[in-house]
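Participant: This is the structure I have questions about; it appears just below.
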Amino acid sequence: GKMLRFSGFVCLGFPMRPPASADIPITDRRLARHSSAEQVHLTGGSPHFVFVTWLTNVTEPSVLHYTLNRSGTLPLESGTWQNLTGPPGEVYSTLMDPRYPQTEGGCTGTPDYAKPSCYYTSGEVHTVALTGLVPDTHYSYSVGGVNRQFTFKTPPAVSPTGTLRLAVVGDLGQTTNSSATVAGLSKLVQRGQVDLLLHCGDLSYADGDGYRWDSYGRLLEGIYSAIPAAHIGGNHEVANGGENWVAYKARYPNPHHESGSNSALWYSFEAGPAHFIMLCSYTDYSHNSWQVQWLRTDLARVNRSRTPWLIAVWHTPWYTSNAHHPMAEGAAMRTWLEPLLADAKVDLVFSGHVHAYERTRPVYNLKLDNTRGRPYITIGDGGNREMFPDPWVQPQPAWSALREDAYGFGTLELYGSRTASWKWWRNDDPWNPSPAGSLGDAFTLSKS
């Protein structure tokens, strides 16, 4: 059985609302290129495996230098460095969305394949798979021919008695509000208080401006180079600006083959006491679809004596009391998959898409249900340029425990097989409804 204990409150309004936060100017020093090998980031989730990805402005081999770093500090003066060479870097090209200014490399008029100015051409995207890693262990590394050292720690080993500390974010973008979220996450990473980052989709908000994938990678390099991240794609990775997954798949690989998936759009992995299912809201999820065939197989392989926690992530929420992004957007996926996830006893679900925070009580088939239901958390409050999705549905549904317009991120700590502790942290910014403080919500999920 499960028992929920939670504290929190509903913020009813803000007396003074700051204006929407536009994207940080492309000329801002935080978005500038500072190295020939840049935008270094880690993707994965497994304690034994991580992808290291970076971009270069010259053609060079995909060489990764790495070593154990028992202290976890930099620079590392000594150590047995090993070299690992991955496949050659790849360059891709996309047709630009003309709504972006020419100062950002955009074209004018309509998207025109005959205009050279309407194309974005990427740098060389290099990815090296680093395998055979020791769980819960610090490694130092550098990439390419540049002597910049980074360090990261692998997630804890898969174990029913283990502890796992997660940061969870969604719909991040690259605004002043986004940078406040990044600053909060950075503090946790620098203190060594998080093992893994879950991203619930909508990363860069490039929306057809290829240069904005570069600026996003630069803004996030401090975090993404220091902690493995597991992403799932959102609508801004596929639909907006004709993205069609091209940049997302090139830049943010995931270990989908390791979980038997034939698509980077859905996959699973395990770390600590948890099995994570990463699903796609923007592909076929009907009964005999590729995604659902894989999902049935993956759920059948879950061993709850090995990974007692089962956590699912996808972009579009099934349960939201927001009227701007209504439940109708996720209704078809919920109809197909909710019974399957209930049968599998999924413990907790994270989504983004709605640019606010909301947590439900255990809910199933639109009703409160402590037996077949689970809490759903919408964490689409990372800070992108599109502002809060007002209005909220009134009255607030019985299954909605808390909802609020504020920017921030969440942390989830799993303690063995019995206890999960969730906290939602508001950013220290004008949207924080002072004097409420930074902790906006907290609950404990206990298993008997």
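The values are calculated or read from the model by the stated rules, or taken from the named source; none is laboratory data. Everything numeric in this text was worked out from a predicted model, so none of it was measured. When we count neighbours, we look across all protein chains shown, and the Cβ atoms used for this are built from the backbone with ideal geometry, even at glycine. Note: accessible area is taken over every heavy atom of the protein model, side chains too, but ligands, DNA and RNA are not part of it. Shrake-Rupley method; radii C 1.70, N 1.55, O 1.52, S 1.80 Å.
Participant: If you take the residues of segment 195-214 that are surrounded by 24 or more Cβ atoms within 10 Å (Cβ to Cβ) and aliphatic (A, V, I, L, M), which of them is modelled with the lowest pLDDT?
Facilitator: ALA206
Participant: Which pairs have Cβ atoms under 8 Å, sit 6 or more apart or on different chains, and link a residue in segment 193-218 that is on the phi > 0 side of the Ramachandran plot to one that is among the basic types (Lys, Arg)?
Facilitator: TYR205/ARG212; TYR205/ARG385; GLY208/ARG99
Participant: Do we have GLN174 as open to solvent by less than 40 Å² (accessible area, probe 1.4 Å) and under 22 Å from ARG29 (Cα atoms) here?
Facilitator: Working: open to solvent by less than 40 Å² (accessible area, probe 1.4 Å): yes; under 22 Å from ARG29 (Cα atoms): yes.
Taking the combined requirement at face value, the residue satisfies it.
Participant: Output the residues belonging to segment 426-448 that are buried (at least 23 other Cβ atoms within 10 Å of the Cβ), in contact (Cβ under 8 Å) with a residue 40 or more places away in the chain and part of a strand (DSSP E or B).
Facilitator: GLY440, ASP441
Participant: What do you reckon, is ALA183 within 24 Å of ALA312 (Cα to Cα), not in a loop (DSSP other than H, G, I, E, B) and not basic (Lys, Arg)? Can you show your working first?
Facilitator: Working: within 24 Å of ALA312 (Cα to Cα): no; not in a loop (DSSP other than H, G, I, E, B): yes; not basic (Lys, Arg): yes.
When the stated conditions are applied, ALA183 does not pass them.
Participant: Would you check which residues across segment 26-55 are farther than 21 Å from GLN82 by Cα and not small (Gly, Ala, Ser) and list them?
Facilitator: If the condition is that a residue be farther than 21 Å from GLN82 by Cα and not small (Gly, Ala, Ser), then ILE26, THR27, ASP28, ARG29, ARG30, LEU31, ARG33, HIS34, GLN39 are the ones that fit.
Participant: Among the residues in segment 8-21, are any outside any strand (DSSP E or B), open to solvent by less than 70 Å² (accessible area, probe 1.4 Å), at pLDDT below 90 and touching a helix residue (DSSP H, G or I) at 6+ places or on another chain (Cβ under 6 Å)? Write out each step before concluding.
Facilitator: Taking segment 8-21 as the starting set, the residues that turn out to be outside any strand (DSSP E or B) are 9-21.
With open to solvent by less than 70 Å² (accessible area, probe 1.4 Å) added as a condition, the list becomes 10-11, 13-14, 18, 20-21.
From the residues that got through so far, the ones that are at pLDDT below 90 too are 10-11, 13-14, 18, 20-21.
Imposing the further condition that a residue be touching a helix residue (DSSP H, G or I) at 6+ places or on another chain (Cβ under 6 Å) reduces the set to 21.
The answer is yes, given that some residue of segment 8-21 is outside any strand (DSSP E or B), open to solvent by less than 70 Å² (accessible area, probe 1.4 Å), at pLDDT below 90 and touching a helix residue (DSSP H, G or I) at 6+ places or on another chain (Cβ under 6 Å).
Participant: Checking the conditions here, which among ASN235, ASN254, ASN240 is more than 24 Å from ALA32 (Cβ to Cβ) and open to solvent by 30 Å² or more (accessible area, probe 1.4 Å)?
Facilitator: Values: ASN235 fails: open to solvent by 30 Å² or more (accessible area, probe 1.4 Å); ASN254 fails: open to solvent by 30 Å² or more (accessible area, probe 1.4 Å).
On inspection, the qualifying residue turns out to be ASN240.
Participant: Identify the single condition in (1) at pLDDT 95 or above; (2) hydrophobic (A, V, I, L, M, F, W, C); (3) in contact with a Ser or Thr (Cβ under 8 Å, 6 or more places away or on another chain); (4) open to solvent by less than 10 Å² (accessible area, probe 1.4 Å) that ALA356 does not satisfy, given that it satisfies every other one.
Facilitator: Only one criterion is unmet by ALA356, namely (1).
Participant: For segment 304-345: of the residues being polar (S, T, N, Q) and in contact (Cβ under 8 Å) with a residue 24 or more places away in the chain, which is surrounded by the fewest Cβ atoms within 10 Å (Cβ to Cβ)? Spell out how you get there, then give the answer.
Facilitator: Within segment 304-345, the subset polar (S, T, N, Q) is 305, 307, 316, 320-322, 335.
If we keep only those that are in contact (Cβ under 8 Å) with a residue 24 or more places away in the chain too, we end up with 305, 307, 316, 320-322.
On the way: SER305: 7, THR307: 22, THR316: 26, THR320: 28, SER321: 20, ASN322: 25.
Per the criteria, the residue is SER305.
Participant: Can I ask one more? (1) aliphatic (A, V, I, L, M); (2) under 24 Å from LEU188 (Cα atoms); (3) in contact with a His (Cβ under 6 Å, 6 or more places away or on another chain): which one isn't true of ALA420, the others all being true?
Facilitator: The one condition ALA420 does not meet is (3).
Participant: How do the pairs read when you match residues in segment 23-37 that are closer than 23 Å to VAL146 by Cα and surrounded by fewer than 18 Cβ atoms within 10 Å (Cβ to Cβ) with residues anywhere that are among the hydroxyl-bearing types (Ser, Thr, Tyr) and at pLDDT 90 or above, using Cβ under 6 Å and keeping only pairs 6 or more apart or on different chains?
Facilitator: SER36/THR56
Participant: Being more than 28 Å from ASP195 (Cα to Cα) and of a type in the set (S, T, N, Q) is the filter; apply it to segment 383-411 and report the residue that is surrounded by the fewest Cβ atoms within 10 Å (Cβ to Cβ).
Facilitator: GLN394
Participant: Tell me yes or no: at least one residue of segment 394-402 is assigned to a loop (DSSP other than H, G, I, E, B), polar (S, T, N, Q), touching a residue at least 12 places away in the same chain (Cβ under 8 Å) and under 13 Å from ASN322 (Cα atoms).
Facilitator: In the first step, residues of segment 394-402 are kept if they are assigned to a loop (DSSP other than H, G, I, E, B); the result is 394-399.
Among the residues that remain, those that are also polar (S, T, N, Q) are: 394, 396.
Cutting the leftovers down to touching a residue at least 12 places away in the same chain (Cβ under 8 Å) gives us 396.
Those still in the list that are under 13 Å from ASN322 (Cα atoms) too: 396.
Within segment 394-402, one or more residues are assigned to a loop (DSSP other than H, G, I, E, B), polar (S, T, N, Q), touching a residue at least 12 places away in the same chain (Cβ under 8 Å) and under 13 Å from ASN322 (Cα atoms).
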